[in-house]
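So the structure is just underneath, and the comments pick up after that.
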Amino acid sequence: MITRRRALLTTTGMLVFLIPGAAVETYAADEVYDVVITGGRIMDPESGLDAVRNIGIMGGKIRMISEAPQQGKQTIDAKGLVVAPGFIDLHQHGQDVRNYRYKARDGVTTSLELEVGTDDVDKWYADREGKTLVNFGVSIGHIPVRMKVMHDPATFLPSGDAAHRAAVPEELVEINKAMAGGLRRGALAVGMGINYTAAASHGEIVDMFHLAAEGGASVHVHLRYLGMQEPTTGLAAIEEVIAAAAATGAALHVVHVTSMGLRDTPRLISMIEGARKSGLDVTAECYPYTAGATTLESALFDPGWQEQQGVTYKDVQWAKTGERLTAETFEKYRKEGGTVVIFFIPEDVVRTALANPIVMIASDGSRITGPKIHPRGQGTFARVLGHYVREEKTLTLMTALRKMTLMPAQRLEKRAPEFKNKGRIRVGADADITIFDPARVIDRATFDEPLQYSEGIPFVLVNGVTVVKNGGLVEDVFPGRAARAPITH
Ligand SMILES: [Zn+2]
């Protein structure tokens, strides 16, 4: 159903907004707002609005969008700049103070860890409440839950039993119980990385989809296989999860489709398009880089990894030093454990995914574990806008914004209704707003110097509070709020 809003100018000079099913909100034409953004080019992917307007913000919400001037206690001059909904990153592993600074400078106002997720939803939110620059949220994660139940020794991705052993019936009961409990505590989604829990049976995976379906949650999944080596291909892996989605009714979201499909990515995307045409709720995301990143001790580097991924030692970079691996250093560092960057995605595959209207943008940003981590956590959104929209013309600006704002909000809004007020510039929406210069916006984070802030994003607001001002971070503000599904008990 389409909801329409009308603003009427009454004889007394009051603007009255008529919102079906909601209280009528009235703002006088001479209202003084908390913040007014003047003269910017508003781009809203939901309504299609692309025009110069002024925005009045009060109480953390957008209260007025008008051609007429407005008065505010604080005014942001956005002349010559694009005013867009704040970017929603569905896939960001690093979720600490330092990461949030990079996210804000890259235009991200909501940072979500939905792939790996957590095994303790309450603690995850409590650790961040009142302390963050941007909004934050998490999934209940099959990986960490399996690690806890099976006593895996690793801290992030499994290296022991959770990767390499089938769960016994008692463990399966515990895993199911913990996953269902996480959903009741308001996890935004179900997170899975079957590649990392390689010994998890197909039945265990289908159980997770059943739980997601019961909770109205989407499953954000890193597929069981990547690449093109039969029979363990990205295509075979997507068959598993599309079948599970079809059989259970759960919504499916395929993460970083490019690093799963590699050269076969167009076929994976066409499987998703076909599933959607058949009525399934299936979506996907990608990041704008030709390399992936993971941990060296994980199951991704079990024997056969070179054939599977179509790469060898020299294509793998050790994050702590930036050195490319050899057979000797591979063995040494795999025992030690740590982050690696893998150069294995062809450039034309990146472009194909970015240009496809159903593939969202998400960073898969890393925790900061060394000086040479993957740059994607710091630069994904500015890189799409600057490099792929402006320089390469791979996609239009409005399409790119849709993939960063409206589409991720829509992915989550059935389970977490608060997302109906995110990813949009409209009256009543949360004042999460990113203001950038379309002629200058660009990523600065590279594989050599990954810890660099993006540029050309002079203002970012989170819940109406300015967190980036004149291109710099504002210190000692913590307007980020928990993005969480309703708690059922
Ligand atoms: Zn992943």
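Overview of results
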{"item": "Subset tally (residues that are at pLDDT below 90 and under 17 Å from Arg424 (Cβ atoms)) for the range 22-61", "result": "2"}
{"item": "Lys414 being among the charged types (D, E, K, R), part of a loop (DSSP other than H, G, I, E, B) and either within 22 Å of Leu183 (Cα to Cα) or in contact with a Cys (Cβ under 6 Å, 6 or more places away or on another chain) (or both)", "result": "yes"}
{"item": "Where Ala244 falls short, out of the listed (1) open to solvent by 10 Å² or more (accessible area, probe 1.4 Å); (2) assigned to a helix (DSSP H, G or I)", "result": "(1)"}
{"item": "Test: residue in the range 266-278 that is in a strand (DSSP E or B), on the phi < 0 side of the Ramachandran plot and touching a Ser or Thr at 6+ places or on another chain (Cβ under 9 Å)", "result": "no"}
{"item": "Residue within the range 69-90 that is more than 20 Å from the chain's Cα centre (by Cα), open to solvent by 10 Å² or more (accessible area, probe 1.4 Å) and within 16 Å of the ligand (Cβ to nearest atom) present", "result": "no"}
{"item": "Any pair with Cβ under 7 angstrom, 6 or more apart, that starts in the range 285-301 at a residue that is without any contact (Cβ under 8 Å) to a residue 60 or more places away in the chain and ends at one that is within 14 Å of the ligand (Cβ to nearest atom)", "result": "Leu296/Val340"}
{"item": "All helices (runs of 4 or more DSSP H) inside the range 290-375 with 3 or more residues being away from the ligand (no atom under 16 Å from the Cβ) and at pLDDT 95 or above", "result": "327-336, 347-355"}
{"item": "Long-range neighbours under 9 Å by Cβ, at least six apart or interchain, first residue in contact (Cβ under 8 Å) with a residue 40 or more places away in the chain and under 15 Å from Gly191 (Cα atoms) within the range 156-169, second outside any loop (DSSP other than H, G, I, E, B) and open to solvent by 40 Å² or more (accessible area, probe 1.4 Å)", "result": "Pro158/His164"}
{"item": "Qualifying positions in the range 110-154 - within 20 Å of Ala198 (Cα to Cα), away from the ligand (no atom under 16 Å from the Cβ) and in a loop (DSSP other than H, G, I, E, B)", "result": "Asp119, Met150, His151, Asp152, Pro153"}
{"item": "Matching option when the condition is away from the ligand (no atom under 16 Å from the Cβ), within 21 Å of Ala189 (Cβ to Cβ) and not aliphatic (A, V, I, L, M), among Arg276, Arg267, Arg224", "result": "Arg276"}
{"item": "Single residue of Ser270, Ser259 found to be within 18 Å of Gly227 (Cβ to Cβ) and open to solvent by less than 40 Å² (accessible area, probe 1.4 Å)", "result": "Ser259"}
{"item": "Options Leu461, Leu473: the member that is within 25 Å of Trp124 (Cα to Cα), crowded, with 24+ Cβ neighbours inside 10 Å and at pLDDT 95 or above", "result": "Leu461"}
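The values are calculated or read from the model by the stated rules, or taken from the named source; none is laboratory data. What you see is a predicted model; the values in this text were computed from it and never measured. Note: ideal-geometry Cβ built from the backbone for every residue, glycine included; neighbour counts use all protein chains shown. SASA here: full protein model, heavy atoms, side chains in, ligands and nucleic acids out. Shrake-Rupley method; radii C 1.70, N 1.55, O 1.52, S 1.80 Å.
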